[in-house]
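*Asks:* Mind having a look at this structure? Questions to follow.
None of the figures in this text is laboratory data; all of them are computed from the coordinates on show. All values derive from a computational prediction rather than experimental measurement. As a convention, Cβ positions derive from the backbone with ideal geometry for all residues, glycine included, and neighbour counts pool all protein chains shown.
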Amino acid sequence: MNDPAVARTASARLHQEQERERRRRPDGPRRRATAAVLVRAALIATGLVTVYVLPLDGRSTTGTSALLACGLLLVLVIFLWEVRAIAHSPYPRLKAVEALAATLVLFLLLFAGTYYLLEHSTPGSFSEPLTKTDSLYFTLTTFTTVGYGDVAPRTQTGRVLTMVQMAGGLLLVGVAARILAGAVQAGLRRRGREPSDDFASRPED
């Protein structure tokens, strides 16, 4: 006669082995997905920087402002598309990292290019002439709010553009980050997962 206690113990051990095997399986796909996200993020950043270093034609102040407005609209469209992609992605957290990297790099390079064009269309807009490297330096200084030392806007247009970047940076760090977090939670709920699950403890994310 079979002992029920022994049978239950054997069944429990079998279940534990199956659970461990189930958790091991997604580790490979997750690692591949993580690597793919990192590669895509690096390629996107590299591509945007490459476009930034290409020669830019001189434009009028009006043309520069129009270019900035169109660029910001493009950033918004890309961001909204990424939010939708996160909610439907099998790896929402990883997709959010990719989306944030792409949006942030595009946002910063857009303003760096705008400052560069402004300085060349209206010399004296800043405290010193700006190269593309100087423009990117000034953009990062503004975004990280570390304060100005050697480069600062002088004209009204330069200061308005800088204030727009400051406001946009706050929105990107605050509002956009919350929207991305909400999209991640929506993606996890679509998969029947708890949004509060730890990233490292659940390898399939």
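*Asks:* Take the alpha carbon atoms of segment 60-91, find their center, do the same for segment 101-173, and report the distance between the two centers in whole angstrom.
*Replies:* What the calculation gives is 18 Å, centre to centre.
*Asks:* OK, next. Among 76-86, 177-187, how do they line up from the highest to the lowest mean number of other beta-carbon atoms within 10 Å? Intermediate results must be reported in sequence, preceding the final value.
*Replies:* Working: 76-86: 15.8, 177-187: 17.6.
With the highest mean Cβ count within 10 Å placed first, the list reads 177-187, 76-86.
*Asks:* Expressed in nm to one decimal, what extension gain is obtained for the pair VAL51 and CYS70 from 0.36 nm per residue of sequence separation less their Cα-Cα distance?
*Replies:* Details: separation 19, 0.36 × 19 = 6.84 nm, distance 1.62 nm.
Using 0.36 nm per residue and subtracting the Cα-Cα distance, I get 5.2 nm.
*Asks:* Applying 1/(1 + (r/R0)^6) with R0 = 45 Å to the Cβ-Cβ distance of GLN156 and ALA177, what FRET efficiency is obtained, to the nearest 0.05?
*Replies:* Details: r = 31 Å, r/R0 = 0.69.
Here the calculated transfer efficiency is 0.90.
*Asks:* Another question, if that's okay. If the chain between THR141 and THR62 were fully stretched, how many nm would it gain, using 0.36 nm times the residue separation less the Cα-Cα distance?
*Replies:* On the way: separation 79, 0.36 × 79 = 28.44 nm, distance 2.48 nm.
Roughly 26.0 nm would be gained on extension.
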